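The values are calculated or read from the model by the stated rules, or taken from the named source; none is laboratory data. As the structure is a prediction and not an experimental result, all values here were calculated from the model. Heads up, the Cβs are rebuilt from the backbone with ideal geometry, glycines too, and the neighbour counts pull from every protein chain shown. We work out accessible area using only protein heavy atoms, side chains counted, and drop any ligands, DNA or RNA first. Shrake-Rupley method; radii C 1.70, N 1.55, O 1.52, S 1.80 Å.
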Amino acid sequence: QVQLVESGGGLVQPGGSLRLSCAASESIFSMNVMSWYRQAPGNQRELVATITSGGTTVYGDSVKGRFTISRDNAKNTVNLQMNSLKPEDTAVYSCYAIRRGLPYWGKGTLVTVSS
């Protein structure tokens, strides 16, 4: 059973930055895909960013050019650098991974963008 633990959420003003981290309980070398999703109140969950084991990245249209996903294989973490944050980025951000065909989710971390 893979455990994913997110950290780094909090309150930030519009235009600010935050860095989220997802720590995996096992080596992320075994994770074919690692992603960040988010869900705002009343909205459906949406893909924020994905990174494959080969380093290919995919971003949701609403965050392109502002967010960057990266993998740190030595620390078994996947990070999400979020810049130029907007109030509409407010949501619970959750880490997701696929390992040997099975999906795993973290519990999420709340990001609030407000003045």
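Can you list the trypsin sites (Lys or Arg not before Pro) in region 1-50 that are in a DSSP coil and have 14 or fewer other beta carbons within 10 angstrom? Passing both the DSSP loop test and the Cβ count: ARG45.
With Cα atoms defining each centre, region 1-16 and region 18-55 are spaced 11 Å apart in the structure. Could you tell me which residue out of ILE51, SER25, PRO87 lies farthest along the dipole of the chain toward its positive end? Charges go on the beta carbon: Lys and Arg +1, Asp and Glu -1, centred on the Cα centre. Most positive-ward Cα: SER25. Per-atom-type breakdown for region 3-115 gives carbon and sulfur 49% of the accessible area (1.4 Å probe, protein chains only). Taken per residue, the accessible surface of region 1-78 reaches 54 Å², heavy atoms only and a 1.4 Å probe.
Legend: P(r) of the chain from all alpha carbon pair distances, 5 Å bins from 0, whole percents, reading 2, 13, 25, 26, 19, 10, 5, 1, 0.
In this structure the amide hydrogen of GLU26, modeled in the peptide plane, comes within under 5 Å of the amide hydrogens of GLN3, none closer than 5 places in sequence on its chain.
Per-residue 3J(HN,Hα) values for region 80-88, derived from phi via the Karplus relation 6.51 cos²θ - 1.76 cosθ + 1.60 with θ = phi - 60°, read 10, 8, 10, 10, 6, 5, 10, x, 6 Hz in sequence order (x marks Gly and Pro). Dividing the convex hull volume of the alpha carbon atoms of region 1-40 by its residue count gives 103 Å³ per residue.
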